[in-house]
Amino acid sequence: MRLGVYVNAQHPAGDDPGRRFAEMVEQVRLIRTLGFDSIWGGEHHATPGYHYFPLLPLLQRLAAEADGLWVGTNLILLPLHNPVEVAEIGAFLDVITGGRFLLGVGLGYRPEEFAIFGVPMAERVSRLGEGIEIIRRLWTEDDVTHHGRHWRLDGVTIRPRPVQQPRPPILVGSQVPAGIARAARIADGWLVVPVPTVHEFAAQAAAFAQARAAAGLPPSRHVGRLIEVACARDEDTAIRRSAPYLLTKYAAYLSWGIPGITLDMPGSSNRSPSSFGMAPPSRLGGPKPPPEATPAVNPDGKTDFLRAAHHSACKLFNTVLGPEANNAHLNHFHLDMAERIKNTKICE
């Protein structure tokens, strides 16, 4: 098993982008010094309320600080891009990292992004599969001729080629059964979001392995799972420190319409966290958590929605906020994000 760090390129629109980028550079230097194996970054465009650094230029710059680290995309929204350009940039990243580049790609889910790029969202699955085929061939063949549904190439060769032989691994991200099976068939590996519980992930991993076997492919060495991590002297402190940031982050994803995430709306506010379908926290060390507390009722009537949103957001990273943090964090969550979440179809 290898451990890497996802460098966050998503920051509030009011933040100084120069300062945030300088902090990212320092983070990558520290990641390298501490002995981690890799850094990763993701892609989004025109994100309301946030700025989002463009993925491939960002990784090209950070690679200069990441000597000896693997550099991966988690992930590129491949249907939005010309696969020839992705193949060229990916090959260049493999060169400048000394053969330590991993290409993670996915479908994308925001209609706004497809509209911006002029790509019909209904074509995203076929564009993903065809794009992967083109990239794979350009990384390993000369004079590539391809006449497909979306792209036509006649005798195309790219240089430089990747350093890795035969080529860098290609991983596909998905969290739904059809997408996981697709990743098993058309890619070398699979990228997993933080949403699944331990038991759900085990079932998904088994389905991924079975789909590869059914396609006559060997077991994959490349399964990358993204996990939210907070470090502190004890679990309660770690959760209270990270909760406002993670709640805001995942509220944004909910408002963007990310698939596979639901916002449960319980009928009673006097329910314990486990009654919201929550899994026990995943932890690396630390003391055993205190017994579960019964939520208190706020007199303003916002408790039902707030606590439902609060617990659903916390479920995304498999943890529970302590009762002593309720007022500050629930109010922060309500003021900044509640209306945006309530107005999405996910809440229906």
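Things worth noting here:
- Among residues of the range 13-41, those that are among the hydrophobic types (A, V, I, L, M, F, W, C) and not in a helix (DSSP H, G or I), counted: 5
- Residues that are free of Cβ contacts under 8 Å to residues at least 60 places away in the same chain and either β-branched (Val, Ile, Thr) or crowded, with 19+ Cβ neighbours inside 10 Å (or both), drawn from the range 101-123: GLY108, PHE114, VAL119
- Checklist (1) within 30 Å of ALA184 (Cα to Cα); (2) surrounded by fewer than 17 Cβ atoms within 10 Å (Cβ to Cβ); (3) of a type outside the set (Val, Ile, Thr); (4) in contact (Cβ under 8 Å) with a residue 40 or more places away in the chain applied to PRO57, failing item: (4)
- For the range 139-148, the criterion of being among the polar types (S, T, N, Q), assigned by TED's automatic domain parsing to the domain that holds GLY106 and in contact with a Lys or Arg (Cβ under 6 Å, 6 or more places away or on another chain) is met by at least one residue.
- Condition check for PRO196: without any contact (Cβ under 8 Å) to a residue 24 or more places away in the chain and in contact with a strand residue (DSSP E or B) (Cβ under 9 Å, 6 or more places away or on another chain): yes
- Output for the range 133-166, where each listed residue is in a loop (DSSP other than H, G, I, E, B) and of a type in the set (Asp, Glu): GLU141, ASP142, ASP143
- Filter result for ALA232 (modelled with pLDDT under 85, within 25 Å of GLY4 (Cα to Cα), among the hydrophobic types (A, V, I, L, M, F, W, C) and more than 18 Å from the chain's Cα centre (by Cα)): no
- Any hit, the range 217-234, residues being free of Cβ contacts under 8 Å to residues at least 24 places away in the same chain and within 30 Å of ARG167 (Cα to Cα): yes
- So LEU59, is it outside any helix (DSSP H, G or I) and in contact with a strand residue (DSSP E or B) (Cβ under 9 Å, 6 or more places away or on another chain): no
- Total residues in the range 223-256, condition closer than 30 Å to PHE114 by Cα and of a type in the set (A, V, I, L, M): 8
- When restricted to residues that are assigned to a helix (DSSP H, G or I), of a type in the set (Lys, Arg) and under 18 Å from ALA181 (Cα atoms), the range 195-251 contains 1.
- Between ILE116, ILE158, the distinction of being farther than 19 Å from GLY257 by Cβ and either assigned by TED's automatic domain parsing to the domain that holds SER38 or of a type in the set (A, V, I, L, M, F, W, C) (or both) belongs to ILE158 only.
- Restricting the range 63-79 to residues that are part of a strand (DSSP E or B) and of a type outside the set (S, T, N, Q) leaves a set whose member that is nearest to GLY118 (Cα to Cα) is LEU77.
- Given (1) of a type in the set (Lys, Arg); (2) within 21 Å of the chain's Cα centre (by Cα); (3) loosely packed, with under 12 Cβ neighbours inside 10 Å, index of the condition ARG152 fails: (2)
The values are calculated or read from the model by the stated rules, or taken from the named source; none is laboratory data. All values reported here derive from a predicted model rather than from experimental measurement. So basically every Cβ, Gly included, is an ideal-geometry build from the backbone, and we count neighbours across all protein chains shown.
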